[in-house]
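Worksheet for the structure shown next.
The values are calculated or read from the model by the stated rules, or taken from the named source; none is laboratory data. Keep in mind the model is a prediction, meaning the values are calculated, not measured. Note: ideal-geometry Cβ built from the backbone for every residue, glycine included; neighbour counts use all protein chains shown. Note: accessible area is taken over every heavy atom of the protein model, side chains too, but ligands, DNA and RNA are not part of it. Shrake-Rupley method; radii C 1.70, N 1.55, O 1.52, S 1.80 Å.
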Amino acid sequence: MKNTIYILALILISWSAEAQHDHASHSQPQATAAPTFKDARLTTAYTDYLHLKDALVASKAADAKQAAAALQKSAGALANGKKVTASAATIAASSDLDAQRKIFAALSTDMKELVNGNIASGALYLEYCPMANNHEGAYWLSNEKQILNPYFGDKMLHCGSVKETIQ
């Protein structure tokens, strides 16, 4: 009888540990490695772009200005980065969050053109919010499938969907 109780206790403990393990893996999003690009300067520009996106997600206009200034500099080092550089300069010159977000839509389209076909390893996601820019819709790039909307911040943080995986 003692052996039966002991075996049942071990089974219960084992099952409980497995259930906890499964629960933990489902509650935390899987981390996605950042893509690397064929040109290290593009990797820098993309990283600066992500900082800008994250500042807009957080609705921090001052941080967006700073990140846009860094992107302006890093995109300026790219032979085909003129459009991104110009948009980043416009965002860096503005303290108005709504204006920054409007320019970010055009910047994201131009940034997609820069990264498309230039990824050495990994993947990134093209995400879309149909309500951005007065329901015209707008895209952005992300390392994660989880939607964190830069156009509305915490007002509509998860509005949007993944439209494309770029590899």
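Ranked by solvent-accessible area (1.4 Å probe, protein heavy atoms only, all chains present), the residues TYR49, TYR125 order from largest to smallest as TYR125, TYR49.
Checking the cross-link pairs LYS83/LYS145; LYS73/LYS155; LYS102/LYS163 against a 29 Å limit on the alpha carbon distance flags LYS73/LYS155 as lying beyond it. Taking all protein chains as shown and a probe of 1.4 angstrom, LEU97 keeps an accessible surface of around 40 Å².
Between ASN80 and ASP96, the modelled label-to-label distance comes to 3.3 nm, taking each label 7 Å out from Cα in the direction of the beta carbon. Look at the dipole of the range 23-167 built from charges on Cβ: of THR36, ASN80, LEU157, the Cα furthest out on the positive end belongs to ASN80.
Which FRET efficiency value, to the nearest 0.05, do you get for SER121 and LEU157 by plugging their Cβ-Cβ distance into 1/(1 + (r/R0)^6) with R0 = 30 Å? It comes to 0.55. Heavy-atom accessible area with a 1.4 Å probe sorts GLU136, GLU113, GLU144, largest first, into GLU136, GLU113, GLU144.
Amide H contacts of GLU164 (H built 1.01 Å from N, in plane; Pro and chain starts excluded): LEU126 sit under 5 Å, all sequence-distant by 5 or more or on other chains. Taking the centroid of alpha carbons for each part, the range 58-98 and the range 106-129 are 16 Å apart. Subtracting the Cα-Cα distance of THR47 and GLN167 from 0.36 nm times their residue separation leaves 41.6 nm of extension gain. Applying both filters, DSSP loop and at most 16 other Cβ atoms within 10 Å, to the trypsin sites (Lys or Arg not before Pro) of the range 120-167 gives LYS145. Averaged per residue, the range 121-167 has 52 square angstrom of accessible surface, using a 1.4 angstrom probe with ligands and nucleic acids left out. In a reduced charge model with +1 at each Lys and Arg Cβ and -1 at each Asp and Glu Cβ, the range 66-111 shows a dipole moment near 120 debye about its Cα centre.
Working note: Karplus 6.51/-1.76/1.60 with θ = phi - 60° gives the range 62-72 the couplings 5, 5, 5, 4, 5, 5, 5, 5, 5, 5, 4 Hz, where Gly and Pro are set to x.
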